[in-house]
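A quick write-up on the structure given underneath.
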Amino acid sequence: MAAERQTKQKAIIYEALKTLDHPTATEVYGYVHERYPSVSRATVFRVLSGFSSSGRALEVRLAGSDMRYDYNVNEHYHVHCRCCGKIADVEVTIKTPATKTVSESCGYLIDGFAAEFFGICPACAENKSCC
Ligand SMILES: [Zn+2]
Ligand SMILES: [Zn+2]
């Protein structure tokens, strides 16, 4: 019975990730709480970190924003709307820039690189009053 409840909780939390599109843990909790008030905040946070350690979701850290969760675990980048803060996926291949030069300049062995794009989303571009 407990296992069944856990499965259900996980399903609704995963659904929140897909529906909300890069939500923060608090946003996920809001979504889940509206539908299943019995699910605690601690459960939501625990399940989310379980998703990220098992590879079912990514933790996304973007400048000036709380950590967000992403159900899209393929390698991708994000674009951030300057007006409304909306985040979208960018699925293009970007060559890691100048790894060798960076490595030589700081002496670190470079094994990662993060890029984040900024801009104005289509909705904000249309509704010019918001920026
Ligand atoms: Zn926008
Ligand atoms: Zn994403």
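The values are calculated or read from the model by the stated rules, or taken from the named source; none is laboratory data. As the structure is a computational prediction, the values presented were derived from the model and not from experiment. For neighbour counting, all protein chains shown are included, and Cβ atoms are generated from backbone atoms with ideal geometry for every residue, glycine included. Keep in mind that these areas ignore ligands, DNA and RNA; they rest on the heavy atoms of the full protein, side chains included. Shrake-Rupley method; radii C 1.70, N 1.55, O 1.52, S 1.80 Å.
Structure values in brief
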| read-out | value |
| --- | --- |
| Leading residue by the ranking (nearest to ligand 1 (Cβ to nearest atom)) among those in the stretch 30-41 that are within 15 Å of Ala16 (Cα to Cα) and surrounded by fewer than 13 Cβ atoms within 10 Å (Cβ to Cβ) | Glu34 |
| Residue that is farthest from ligand 2 (Cβ to nearest atom) [pool: residues in the stretch 97-116 that are surrounded by fewer than 12 Cβ atoms within 10 Å (Cβ to Cβ) and under 17 Å from Asn74 (Cβ atoms)] | Gly112 |
| Residues that are in contact with a strand residue (DSSP E or B) (Cβ under 7 Å, 6 or more places away or on another chain) and not aromatic (Phe, Trp, Tyr), drawn from the stretch 93-119 | Ile94, Ala115, Glu116, Gly119 |
| Tally, over the stretch 1-29, of residues that are closer than 23 Å to Ile87 by Cβ, part of a helix (DSSP H, G or I), open to solvent by less than 60 Å² (accessible area, probe 1.4 Å) and not small (Gly, Ala, Ser) | 6 |
| Residues of the stretch 16-64 classified as of a type in the set (Asp, Glu) and touching a residue at least 12 places away in the same chain (Cβ under 8 Å), total | 1 |
| Complete set of residues in the stretch 42-67 that are surrounded by 16 or more Cβ atoms within 10 Å (Cβ to Cβ) and not in a loop (DSSP other than H, G, I, E, B) | Thr43, Val44, Val47, Leu48, Phe51, Ser52, Leu58, Val60 |
| Top-ranked residue of the stretch 70-108 - restricted to ones that are β-branched (Val, Ile, Thr) and under 18 Å from the mean Cα position of the chain (by Cα), ranked as farthest from ligand 1 (Cβ to nearest atom) | Val73 |
| All positions within the stretch 68-85 that are more than 12 Å from ligand 2 (Cβ to nearest atom) and surrounded by 16 or more Cβ atoms within 10 Å (Cβ to Cβ) | Cys81, Cys83 |
